[in-house]
Amino acid sequence: MGSVELWITLGIPVILILVGRFVGASVERNHYRSIIEREAQFRARPAVSTKHLDAPCPIQSASLAVGSVVVSVDHFKRFLSGFRMIFGGEIRSYSSLIDRARREAVLRMKESQPGADAFLNTRIETSTISSTTGNEGMGTIEALAYGTAVHYDRGP
Amino acid sequence: MHGKAPLILTNIDSVPGQHIVQHYGLVQGSTIRAKHFGRDFAAGLKNIVGGELKGYTELLQESRAEATSRMVAQASELGANAVINVRFTTSSVAQGASEILAYGTAVLIE
């Protein structure tokens, strides 16, 4: 009886970590592939962090563009970061997650205004979402990107 | 966003191609949202593999749209037809709830 309980208490975290290791890693790979593809598509319509841009043509109209995404870490990354906390140093598994979230948010901002020629004053903000169960620390974060989408007046 | 002529929103300090004729000062809109249980449960399952939590993304997008429309309502009440220098901020006020604030400067453009 006692050994069954021991297997359950040890087994569930191990299974969750393994699921994170394999499923989470493949989700991340696919996501990076899609990010790189879409970034190439939008390269001609840059998002800049300056307020003014030397536009090749006069600007016809402007509007606010917003994109956001909420991501969370898998159990494998959480497990790895636990080890990192002992020795210190960069937690690479978390930085790749936040990097993905920010790039995805910028892409969604661009996709929300498909006809825009450039995005001025692009801001990226990150905020943590507290959990109802009260687990603090890194878990779920939101990345928000917003900027002013401008359309050039290309004449007739 | 809705109503007669749509209000122009930008997050730079002008509206390109237009002149600002009058400033009405700061306008703001905010909302505090709690996650509901169903979404929290689905997110908990998704948490196992990590990655995007679509339910939360939608929830925050809805609240941001709500905050923006409150800001826009305040601006049009003042008689403005554009809000410039719009900023968004998020802060968590309590466990499981977050506040989303949108603010900017209401102006009249020509």
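Read-outs throughout are calculated quantities, based only on the coordinates presented, and are distinct from any laboratory measurement. If you're wondering where the values come from, they're calculated on a predicted model, not measured in any experiment. Neighbour counts are summed over all protein chains in view; Cβ atoms, including those assigned to glycine, are modelled from backbone coordinates with ideal geometry.
Given R0 = 30 Å, the distance between the Cβ atoms of A:Y152 and B:A94 translates into a calculated FRET efficiency of 0.10. Relative to the dominant Cα principal axis of chain A, helix A:75-87 is inclined by about 80°. As a rough footprinting exposure proxy, the listed residues A:D99, A:D117 were ranked by other beta carbons within 10 Å of their own, and the order from fewest upward is A:D99, A:D117.
Relative contact order of chain A, taken over Cα pairs closer than 8 Å and 6 or more residues apart, is 33 percent. As I understand it, the value is the acute angle between the Cα axis of helix A:92-112 and the longest principal axis of the Cα atoms of chain A; what does it come to in degrees, rounded to 10? Helix A:92-112 sits at roughly 30 degrees to that axis.
Rank the residues A:F83, A:F42, B:F88, A:F119 as a footprinting-exposure proxy: fewest other Cβ atoms within 10 Å of their Cβ go first. Numbers along the way, then the final one.
Numbers: A:F83 9, A:F42 17, B:F88 21, A:F119 26.
Arranged by neighbour count, lowest to highest, A:F83, A:F42, B:F88, A:F119 become A:F83, A:F42, B:F88, A:F119.
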